[in-house]
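Report on one structure; see the data block that follows.
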Amino acid sequence: MDEDKTLIAICGIGIILTFLIIYLRSNSTFFLICITLGIMTLIYGFFSEDSTVKVTVSYVLAMFCVIVVQWFLVIYIFYNSLYIGDFYLSLIIALLSTMYIVNQIRNKYFKSTEIITLKNNKKLKLVFIGLIIIIGSLAGFDVYCDPIFLYGITLGLMVSIFGFYHNGKKVKVSWTYAIIMIFLLILQFSVLFYYITQFSVGEWTFTMTLSLNIALFLSIQLYVK
């Protein structure tokens, strides 16, 4: 089960990074909606059990946030894209994503007697904070093309992953959690050193200190485990 989660999570991160690179080279907003597919894959991976997704409130709300972003991007592309094909493709992606989640909700909650409850508010808050950081960073980079927002994307992913593995009192430190967090740390340091000349001294000092503290915190988690 952990191996499945790891594989799906890595696929999600791979999709995000692939389309992020394409976006950086093309500067086409269409590829931002493709990045949301990677985020959805990542969310699916964290909530999957035995190759099927566990449709919880946290899962539904996380997916709903991504879908909202997709529809905002569809509207933005409609008014700003030079290519009509980008609009139709983004519309298809948003429609299919929405239909997929609606169908999952229908099968889970409207064909059974289960009641939706919010059991883990802290976990939910962490997931939302992470998603907000990711969305804000994507929007900021689209407008300002500042590498600090690339760093923000990795930070948002870390917060979301921390939330996904939070069980109410502490984080469940598994191999999946460790591998993904280490990968994101490497990505953070890569952004910091690759774009070192584009960061201000204050930005670089703050972000480097933050990443080093995250690395120390993760080391302590792994050591205690």
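Residue pairs whose Cβ atoms lie under 9 Å apart, sitting 6 or more positions apart in sequence or on different chains, and linking a residue in segment 49-60 that is modelled with pLDDT of 80 or more to a partner that is hydrophobic (A, V, I, L, M, F, W, C) and in a strand (DSSP E or B), are Y59/V53.
Comparison of L184, L216, L155 shows that the only residue that is among the aliphatic types (A, V, I, L, M), over 30 Å from I77 (Cβ atoms) and either at pLDDT 85 or above or not assigned by the TED database to the domain that holds S81 (or both) is L216.
Scanning segment 144-159 for residues being open to solvent by 20 Å² or more (accessible area, probe 1.4 Å), under 17 Å from E203 (Cβ atoms) and not hydroxyl-bearing (S, T, Y) gives a total of 5.
Just name the residue that is least open to solvent (accessible area, probe 1.4 Å) out of those in segment 180-213 that are of a type in the set (V, I, T) and closer than 18 Å to A9 by Cβ. Residue satisfying both the conditions and the ranking: I180.
The values are calculated or read from the model by the stated rules, or taken from the named source; none is laboratory data. This one's a predicted model, so the numbers in the text were calculated from it and none came from an experiment. Cβ: placed from backbone, ideal geometry, glycine included. Neighbour counts: every protein chain shown. Accessible surface is based on the protein model in full, side chains and every heavy atom, while ligands, DNA and RNA are left aside. Shrake-Rupley method; radii C 1.70, N 1.55, O 1.52, S 1.80 Å.
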